[in-house]
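A short worksheet on the structure shown next.
The values are calculated or read from the model by the stated rules, or taken from the named source; none is laboratory data. The structure presented is a predicted model; accordingly, all values stated were derived computationally and were not measured. Here the Cβ positions follow ideal geometry from the backbone for every residue, glycine too, while neighbour counts run over all protein chains shown. Protein only, heavy atoms only, side chains kept; ligands, DNA and RNA dropped before computing areas. Shrake-Rupley method; radii C 1.70, N 1.55, O 1.52, S 1.80 Å.
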Amino acid sequence: MLSNRQVSPGFYLLSAELPDSIPAIRAGQFCMLRSWDTIPVLSRPISVFDAEGNRVFFLYKTVGRGTAMFSRLKPGDPITIQGPLGNGFPDIAGRIAMVGGGAGIAPLYLGAKQYKAAGCTVDLYLGFSGAAFLTEEYREIADRVTVNVGGFITDTIDPSGYDAIFTCGPEIMMKALREKCKSGDRLFVSLEARMACGVGACYGCSRKTAAGNKKVCKDGPVFPAEEVFDL
Ligand SMILES: Cc1cc2nc3c(=O)[nH]c(=O)nc-3n(C[C@H](O)[C@H](O)[C@H](O)COP(=O)(O)OP(=O)(O)OC[C@H]3O[C@@H](n4cnc5c(N)ncnc54)[C@H](O)[C@@H]3O)c2cc1C
């Protein structure tokens, strides 16, 4: 592990070096992380926040035992990183909105960078329940950044006029955005689920969708919103 700094109370940005053999990372993908030997048993899924060469960054919120252990890591401490895993954000051209809440802003950073590099216009909508953080970093890589603190970030977006909208964060926020979209709006959601293996073997993260049972780790974590919410 190379660095691990607190960016806001309860939120940390961790970086590590990956071997050269790792395939290119697509925004929206995640890795299974562990910084312990046996207990807790399971590694923890964390989205890729950024990737530069073979350096990878993760933005995480401390919510329990595993993430608390990550927060105590010092440069040079070992960490095991499995990935990149999952499908990531799809290829889309044009005008894109990305809407994140809390730790859900994490995959939008690399997402905005990659869509911008592909020639898209990218507007970011970032919602925080406490103080905002990393907003200057997000402003550097997007066309427009809207920040909301303590309210509903979904109130600030007009979904019409975007070729696609991506959202990640609390499910209640993603549902509110889905309700705001009209038929024909292309909304993609990045789901969270408790998961054990991260590679589709254990079915621990299965979720019922309009397109049948799907594994969040392998079929997702990014899904068309209508598959997830229109059951
Ligand atoms: C694909 C994917 C990507 C993710 N990316 C990020 C990220 O970039 N940054 C980040 O901060 N977090 C991310 N998460 C969530 C993160 O994996 C969990 O917060 C973490 O596993 C919690 O581990 P813990 O040991 O600290 O908490 P635990 O001790 O395991 O749990 C603490 C509390 O959090 C609840 N909880 C734990 N995991 C989840 C979950 N997935 N959904 C709902 N409640 C949960 C538990 O029920 C418990 O109440 C992601 C999850 C998935 C599935």
List the chymotrypsin sites (Phe, Trp or Tyr not before Pro) within segment 59-167 that fall in a DSSP loop (any state other than H, G, I, E or B) and whose Cβ has at most 15 other Cβ atoms within 10 Å. F152
Of the heavy-atom accessible surface of the chain (probe 1.4 angstrom), what whole percent is carbon and sulfur? 50
Rg over Rh, two decimals, segment 126-165 (C-alpha only, Kirkwood Rh): 0.99
Using a cut-off of 20 Å between alpha-carbon atoms, which aspartates and glutamates can reach K218, once sequence neighbours fewer than 8 places away in the same chain are excluded? D91, E171, E192, E226, E227
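Can you give the extra length, in nm with one decimal, that the chain gains between K74 and K180 once fully stretched, where that is 0.36 nm per residue apart less the Cα-Cα distance?
The span from K74 to K180 would gain 33.8 nm if fully extended.
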Which lysines have a Cα less than 21 Å from the Cα of K61, not counting those fewer than 8 places away in the same chain? K74
Ignoring everything except DSSP H segments at least 4 long, calculate the 222 nm mean residue ellipticity for the chain; use -39,500 (n - 2.57) per segment, divide by total residues, nearest 500. -5000 deg cm²/dmol
Apply the Karplus curve 6.51 cos²θ - 1.76 cosθ + 1.60, θ = phi - 60°, to the phi angles in segment 47-57 and return the couplings in whole Hz, x for Gly and Pro. 5, 6, 7, 7, 9, 9, x, 9, 9, 10, 10
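Does segment 81-135 come out rounded, prolate or oblate by the C-alpha gyration tensor, with a ≥ b ≥ c the root eigenvalues, rounded set by a/c under 1.5 and, if not, prolate when a/b is larger than b/c and oblate if not? It would help to have the intermediate numbers written out before the result.
Values: a/c = 2.34, a/b = 1.19, b/c = 1.96.
Verdict is oblate for segment 81-135.
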Compute the helix-to-body angle for 171-180: its Cα long axis versus the longest principal axis of the chain, expressed 0 to 90° and rounded to tens. 20
Cα-only radius of gyration and Dmax that characterise segment 1-153, units Å: 15.4, 46
Note on segment 63-112: C-alpha Rg/Rh, Kirkwood Rh, two decimals, gives 1.07
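Can you tell me the dipole magnitude for the chain around its Cα centre, using point charges on the Cβ only (Lys, Arg +1; Asp, Glu -1), in Debye to the nearest 20? Before the final figure, lay out each step's value.
Details: 25 positive and 23 negative charges, 119 e Å.
Dipole of the chain, to the nearest 20 debye: 580 debye.
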Near K175, which lysines are there with a Cα under 17 Å away, not counting those fewer than 8 places off in the same chain? K208
Considering only protein heavy atoms, what per residue accessible area in square angstrom results for the chain with a 1.4 angstrom probe? 46
Principal-axis tilt of helix 106-117 within the chain, Cα atoms, nearest 10 degrees: 60
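In nm, what is the difference between 0.36 nm times the number of residues separating S21 and Y203 and their Cα-Cα distance?
Working: separation 182, 0.36 × 182 = 65.52 nm, distance 2.76 nm.
Result: 62.8 nm gained on full extension.
Just the number, please: Stokes-Einstein D of segment 119-194 in µm²/s, Kirkwood Rh from C-alpha pairs, 10 °C, 1.306 mPa s. Show your work: numbers first, answer last.
Working: Rh = 13.3 Å.
After rounding, the answer is 119 µm²/s.
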Which three extents, in angstrom, do the Cα atoms of segment 1-70 have along their principal axes, listed largest first? 30, 29, 22
Can you list the trypsin sites (Lys or Arg not before Pro) in segment 169-217 that are in a DSSP coil and have 13 or fewer other beta carbons within 10 angstrom? K182, R194
